[in-house]
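Structure first, then comments.
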Amino acid sequence: MDRQIRRLGVAFVALFALLFGQLAYVQVIAADRIENHPANFTRQLIAEYEVRRGAIVTQGGIVLAESVETKGEEALAFRRRYPQGDLFGHVTGFYSSVYGRSGLEQAMNPYLSGEAPELAVSNLTDLILGRPKEGASVVVTIDPDLQQAARDALGGLPGAVAAIDPTNGDVLALWSNPSYDPNVLSSGNRDDIRQAWRQLNRDPEKPMRSRAFQELYLPGSSFKIVTAAAAIERGHGPDSVWPNPHRLDLPQTDNELQNFADSFCNGGSSTVTMRSAFVQSCNVTFGEIGLELGEEELAEQVHAFGYCTTLPPTRTECDEPTIPFALEPWSVGRYPDPIYYAERQPNLAYSAIGLDNDLTNPLMQALVAGAIANGGNQMAPRLVTEVRDPQGRTIETFEEDVWAHPITTQTADRVTSMMLEVVARGTASSAFAGFPLDRFPVAGKTGTATQGEDVAPHAWFTAFGPAGQGQEPRIAVAVIVVNGGGNTEATGGAVAAPIAREVFEAYMRGAP
């Protein structure tokens with residue numbers, strides 16, 4: 001009897017050893033192979049597409065992304081559809097059975113897929129009633145009319161437009177040309193999806209990268225908004241007087257800094273005020289201002305506006321700020337660490353006019369303009385306001401948030417006064433001829449970012465309105481035309497400012 005019990009015990013030990021060995025093999029040794037097995041992927045994919053994914057909609061109810069039933073046409077129960085095509089491609093991103101997710105589809109996936117804890121009750125109800133699981137809808141801040149106006153205004157030119165509400169950070173428009181249609185990556189057979197992916201990624205214009213918030217460019221004279229703010233914060237008012245040579249002799253070198261087209265600033269007078277230099281966009285004066293402020297003071301102000309710190313050429317990337325913005329990755333502006341200028345004082349003069357290693361994009365410039373418009377309070381960009389469950393109830397809200405306080409209200413008012421003159425009588429005045437500035441004053445700054453001989457400059461315009469005493473600014477706009485649209489004679493005033501004007505006009509038509 002004892003022998004039989006011992007044999008039974010040995011058998012149980014052997015069985016348990018075999019069981020534990022098999023578990024170890026499955027969970028440790030073969031885990032990666034099993035996880036990546038094509039059949040397992042297919043099962044996961046089918047399960048994921050059994051969920052009616054939530055919609056992405058505007059505040060007015062226009063659908064930007066939705067899931068529709070395939071009705072047995074395909075192996076998957078639902079497929080993703082983007083009714084607006086490429087108009088919102090960089091905003092929604094794609095939801096692909098081959099390439100996963102991007103844009104809002106990725107950032108808001110827990111809600112859209114129905115996996116967020118806030119949807120537990122809704123999911124249980126669906127299970128009890130035998131209904132397909134549904135995700136939540138995401139409500140975005142984008143104004144479809146402004147988005148279309150930005151697209152129409154830019155036309156076929158390579159570039160981008162960003163517009164925000166400076167009082168709360170709401171992103172009103174975010175258009176980049178070229179764009180892409182996420183439908184080609186989210187529906188159809190998998191071979192077609194792969195072919196579309198290859199074509200998009202081989203395109204040298206990089207249509208899947210947004211020029212509005214992901215790419216970075218030299219800002220040129222639009223950066224003088226920041227340099228002027230730095231000077232005013234440190235005691236140099238708009239009417240401070242500066243020497244006005246034809247060209248600026250740069251320290252540590254025989255090089256000279258010139259005004260645009262090697263012109264004379266202020267009619268060639270011996271001195272010029274910062275206000276006049278700003279209105280005429282005089283490089284020499286702002287090079288002087290940068291050198292006077294010094295690398296520490298200028299960098300401190302630039303970084304206060306949200307530009308992150310780099311050390312060219314070895315450190316070209318930096319940590320992005322943590323902000324409640326639903327698009328990832330967002331490339332904020334770049335500006336060098338002060339140590340970069342220790343043996344490069346001439347570079348400081350160029351940085352003060354938006355060249356050298358200054359880098360930005362339209363969303364960043366719109367936020368800078370927004371800080372001026374909002375009395376020195378820089379709001380974080382907000383793209384999503386709320387999430388609604390399948391029954392239409394709000395289950396999550398995203399409040400507005402102050403990103404930074406880069407300047408005082410007094411400085412903001414003084415910079416505004418100079419920007420108003422740029423549009424009224426300065427480098428942007430031709431673009432706004434006939435515009436009702438008496439009803440809707442616009443404060444702006446042009447920029448022409450030169451990139452060397454025989455290379456067309458980037459054309460910029462950054463502005464907000466209505467601006468000035470007694471006004472409540474409601475929209476800030478930044479425009480870039482990359483490489484001037486191929487025009488080597490392009491300027492911000494001639495090429496970018498008219499585009500911004502059309503966006504302002506569209507806003508006025510739709511404003512209450």
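The values are calculated or read from the model by the stated rules, or taken from the named source; none is laboratory data. What you see is a predicted model; the values in this text were computed from it and never measured. Counting neighbours? That spans all protein chains shown, and the Cβs are built from the backbone with ideal geometry, glycine included.
Just one of the numbered conditions (1) in contact with a strand residue (DSSP E or B) (Cβ under 8 Å, 6 or more places away or on another chain); (2) closer than 20 Å to residue 484 by Cβ is not true of residue 454; which one?
Of (1) in contact with a strand residue (DSSP E or B) (Cβ under 8 Å, 6 or more places away or on another chain); (2) closer than 20 Å to residue 484 by Cβ, only one is false for residue 454: (1).
So, residue 196, is that one under 24 Å from residue 66 (Cβ atoms), in a helix (DSSP H, G or I) and not basic (Lys, Arg) or not?
Working: under 24 Å from residue 66 (Cβ atoms): yes; in a helix (DSSP H, G or I): yes; not basic (Lys, Arg): yes.
Yes.
For residue 212, are the conditions met, namely being modelled with pLDDT of 95 or more and out of contact with any strand residue (DSSP E or B) (no Cβ under 8 Å at 6 or more places or on another chain)?
Judged against the criteria, residue 212 is not a match.
Output the residues belonging to the stretch 173-205 that are basic (Lys, Arg) and touching a residue at least 12 places away in the same chain (Cβ under 8 Å).
Residues satisfying the conditions are 190, 194.
Return the residue satisfying two criteria in turn: it lies in the stretch 461-512 and is among the aliphatic types (A, V, I, L, M), surrounded by fewer than 24 Cβ atoms within 10 Å (Cβ to Cβ) and touching a strand residue (DSSP E or B) at 6+ places or on another chain (Cβ under 7 Å), and of such residues it is nearest to residue 217 (Cα to Cα).
482
Which condition does residue 211 not pass, out of (1) crowded, with 22+ Cβ neighbours inside 10 Å; (2) charged (D, E, K, R); (3) part of a helix (DSSP H, G or I), if it passes all the others?
So residue 211 meets the others, but not (3).
Within the stretch 355-372, count every residue that is at pLDDT 95 or above and more than 19 Å from the chain's Cα centre (by Cα).
Restricting attention to the stretch 355-372, the residues satisfying the condition of being at pLDDT 95 or above are 355, 358-372.
From the residues that got through so far, the ones that are more than 19 Å from the chain's Cα centre (by Cα) too are 355.
Residues meeting the conditions: 1.
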